[in-house]
Every structure is written in structure tokens, then in C-alpha cells.
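The values are calculated or read from the model by the stated rules, or taken from the named source; none is laboratory data. Note that the structure is a prediction, hence the values are computed from the model and not measured. Using ideal geometry, Cβ is built from the backbone for each residue, glycine included, and neighbour counts are taken over all protein chains shown. Heavy atoms of the whole protein, side chains included, go into the accessibility calculation; ligands, DNA and RNA do not. Shrake-Rupley method; radii C 1.70, N 1.55, O 1.52, S 1.80 Å.
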Amino acid sequence: MTCFNTGWAALLDVSLWVSWANICTFIVAVVAAGFAYFQWISSKEETRRATAYSAYSKFLELCQEHPDFAYANEESIKANQKEYIKYRWFVAQMLFAFEQILDVLPNDKNWNTTITNQLQKHGWHLKNSGSVKREEWNRPLKKLIEDVIK
């Protein structure tokens, strides 16, 4: 029966198909696991991006509510003590939003540039800020603040 187990006739053997099915099942499982992994990575990155956009959107809403604070004109803000107190809370909320962004995307150059530009507007206040002196912010934000106030 040697001729029956060689050539095209081997395809009629059920044990060959069973072993091929096991191999194919394994390959499909590996491909599916790889696809699931890449979907998970993509979802994780999209969630980070959404968190950053949401935090910055809230900051922009705050800027619309308080455009004088957003422009950070030191003389006009310090002229009224009540306004200066509100401005300090504005800056705290701004820094919190920036900290949230940098928590999820610490190495994103575009976000670092955007945050640095905003921090520069408020540099006069950051130089004397108690929360900055106490180093209450995360490391990436502290570094950007230090670069701005130097």
C-alpha cells in the first residue's frame, strides 16, 4: 500500500487533514491575537488623545469665560484684588488641565509647544506661584514651567 500513501492519494488520509486543521487553527489564533493586540494599542492611544483634547477643551472654555485672564495682562489683573484672586484660580485650573494632558501624552511635541506658549503668557504669575514653588505639579509640567520662568 505504499502507493496509496504517496502523491495525491495522501490527501485522502483523514489524519493528514486533522493535523493540517490543528496547524491552521493555531495560525488563525495567532493572527487573531495579534489583531486584538494592535486594536488594544490603538484604543489605548485614542483614549489618551481624547483625554488630552477634553482637558484642553475645558481650558479653552475657561478662556472664553475669562478672556482677560487668558491674555494675562499683569497690570489689569493686579489692579483689582478680587480679580487677581480669580486669576490665581484660573491659573490653577489651567495648570491642572496641562498636567492631565502631560500625564497621558508626555512626549508629544505639539502639546509641549502649545502648553509652553500658554505658560509663557502667564510667566509673570508662575514666577511667584505657591504651587510652583511647592512643586505640586507632575514632572513634565514642572520642567516646562521651569523652562518658562528661567
Could you say which residue among Glu146, Glu136 is of a type in the set (Asp, Glu), open to solvent by 30 Å² or more (accessible area, probe 1.4 Å) and either in contact with a helix residue (DSSP H, G or I) (Cβ under 8 Å, 6 or more places away or on another chain) or not in a helix (DSSP H, G or I) (or both)? Glu136
Across (1) aliphatic (A, V, I, L, M); (2) under 24 Å from the mean Cα position of the chain (by Cα); (3) exposed (fewer than 14 other Cβ atoms within 10 Å of the Cβ), Leu95 clears everything bar (3)
If you go through segment 121-140, how many residues are within 22 Å of the chain's Cα centre (by Cα) and within 16 Å of Phe90 (Cβ to Cβ)? 1
Could you go through segment 15-33 and let me know if any residue there is of a type outside the set (D, E, K, R), touching a helix residue (DSSP H, G or I) at 6+ places or on another chain (Cβ under 7 Å) and either free of Cβ contacts under 8 Å to residues at least 12 places away in the same chain or in a helix (DSSP H, G or I) (or both). yes
For segment 65-72, state whether one or more residues are free of Cβ contacts under 8 Å to residues at least 24 places away in the same chain, touching a Ser or Thr at 6+ places or on another chain (Cβ under 7 Å) and in a helix (DSSP H, G or I). yes
